[in-house]
1. Being of a type in the set (A, V, I, L, M), in a loop (DSSP other than H, G, I, E, B) and under 21 Å from Leu110 (Cα atoms) is the filter here, so list the residues in the range 212-237 that pass it.
2. Filter the range 169-193 down to residues that are among the hydrophobic types (A, V, I, L, M, F, W, C) and either more than 18 Å from Lys143 (Cβ to Cβ) or exposed (fewer than 14 other Cβ atoms within 10 Å of the Cβ) (or both), then give me how many there are.
3. Can you tell me which residue is least open to solvent (accessible area, probe 1.4 Å) among those in the range 23-71 that are of a type in the set (Asp, Glu) and over 28 Å from Ala206 (Cα atoms)?
4. For the range 192-211, name all the residues that are assigned to a strand (DSSP E or B) and hydrophobic (A, V, I, L, M, F, W, C).
5. Could you tell me which residue of the range 203-223 is farthest from the chain's Cα centre (by Cα), considering only residues that are of a type in the set (A, V, I, L, M), closer than 27 Å to Glu139 by Cβ and open to solvent by 30 Å² or more (accessible area, probe 1.4 Å)?
6. Identify, from the list Phe182, Phe106, Phe157, the residue that is of a type in the set (A, V, I, L, M, F, W, C) and part of a loop (DSSP other than H, G, I, E, B).
7. Which condition from (1) open to solvent by less than 60 Å² (accessible area, probe 1.4 Å); (2) touching a residue at least 40 places away in the same chain (Cβ under 8 Å) is the one that Gly74 breaks?
8. In the range 166-177, what count of residues is obtained for those that are assigned to a loop (DSSP other than H, G, I, E, B) and in contact with a strand residue (DSSP E or B) (Cβ under 6 Å, 6 or more places away or on another chain)?
Amino acid sequence: MADRKCLIVDSMHPSLFPLLGDIGWQGDYEPEITPDQIKDRIGNYQGLIVRSKTIVNQSLLGDRPSIRFVARAGAGVDNLDLEFLSSRNISVVHAAEGNRDAVGEFTVGLLISLLRNIPKSNAEVSRFTWDREGNRGTEVMGKTIGLIGYGNMGRAFASRIAAFGCKVLAYDKYKSRFADNFCREATMEQIYAEADILSLHIPLSAETRMMVNADYLNRFAKNIVLLNTARGEIVRL
């Protein structure tokens, strides 16, 4: 076991630990450990498991790290310096599909809440105010929804929202011929022209950071509803 130890530095679900044991790895669980403490101890381990709070880069691991892998308990890897890890032949694994269904359902919930004024009317009712007409809202049916990114999260949302009788257009810069029963492949020009609702399903990167700003939104022909279940840093309003 001495050569199959990994350091777990963020809070994790208890189900992780027996899974590690099943594949012959010992996990030392230190959810409160500081970056300086990680630097002091990482040389004793062959693996590192993180969530989103720990930035994994050369500063943390040193010039000649001993670890063989970094595991990210989540979908996004924007807290990992992938170029550095690759240069040191350190494998990266992440849970790309882990929360896709939860995100798909949650995005539907956000959209319905916005279009039907659910948070606003709930707050008013708690104050004994009933504004039927002011909170009537609008239906999803008949709307055009534009998706930016059609990976696990985008497709999970599309598969659910398509059942509402709306038109789903998807743009993915890094894919082609991905149209399916839930969406039509579209250009950004089509989405700018037609979308009533825009939903973001892209990773945070140098390319996407602060991508959605006032200039970006002004390209849309309609006054859109914006949904962002991706990283917050993608939007700058």
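1. We begin by selecting, within the range 212-237, every residue of a type in the set (A, V, I, L, M); these are 212, 214, 217, 221, 224-227, 230, 234-235, 237.
Subset that is in a loop (DSSP other than H, G, I, E, B): 221, 224, 230, 237.
Passing the criteria: Ile224, Ala230, Leu237.
2. Of the residues in the range 169-193, the ones among the hydrophobic types (A, V, I, L, M, F, W, C) are 169-170, 178-179, 182-183, 186, 188, 191, 193.
With either more than 18 Å from Lys143 (Cβ to Cβ) or exposed (fewer than 14 other Cβ atoms within 10 Å of the Cβ) (or both) added as a condition, the list becomes 178-179, 188.
Number satisfying all stated conditions: 3.
3. Of all residues in the range 23-71, those of a type in the set (Asp, Glu) come to 28, 30, 32, 36, 40, 63.
Okay, now just the ones that are also over 28 Å from Ala206 (Cα atoms), so 28, 30, 32, 40.
On the way: Asp28: 35, Glu30: 63, Glu32: 151, Asp40: 127 Å².
Among those that are of a type in the set (Asp, Glu) and over 28 Å from Ala206 (Cα atoms), it is Asp28.
4. Residues of the range 192-211 that are assigned to a strand (DSSP E or B), as a first pass: 197-200.
Selection gives Ile197, Leu198, Leu200.
5. Of all residues in the range 203-223, those of a type in the set (A, V, I, L, M) come to 204, 206, 210-212, 214, 217, 221.
If we keep only those that are closer than 27 Å to Glu139 by Cβ too, we end up with 212, 217, 221.
Next, from what is left, pick out any that are open to solvent by 30 Å² or more (accessible area, probe 1.4 Å): 217, 221.
Values: Leu217: 21, Ala221: 27 Å.
Out of the qualifying residues, it is Ala221.
6. Values: Phe106 fails: part of a loop (DSSP other than H, G, I, E, B); Phe157 fails: part of a loop (DSSP other than H, G, I, E, B).
The conditions single out Phe182.
7. Looking at each condition in turn, Gly74 falls short on (2).
8. Filtering the range 166-177 down to residues assigned to a loop (DSSP other than H, G, I, E, B) leaves 166, 172-177.
Applying the additional criterion that residues be in contact with a strand residue (DSSP E or B) (Cβ under 6 Å, 6 or more places away or on another chain) yields 166.
Looking only at that region, the number is 1.
The values are calculated or read from the model by the stated rules, or taken from the named source; none is laboratory data. Not measured: the values here are computed from a predicted model. Neighbour counts run over all protein chains shown; Cβ positions are idealised from the backbone, glycine included. Ligands, DNA and RNA are excluded from the accessible area calculation, which covers all protein heavy atoms including side chains. Shrake-Rupley method; radii C 1.70, N 1.55, O 1.52, S 1.80 Å.
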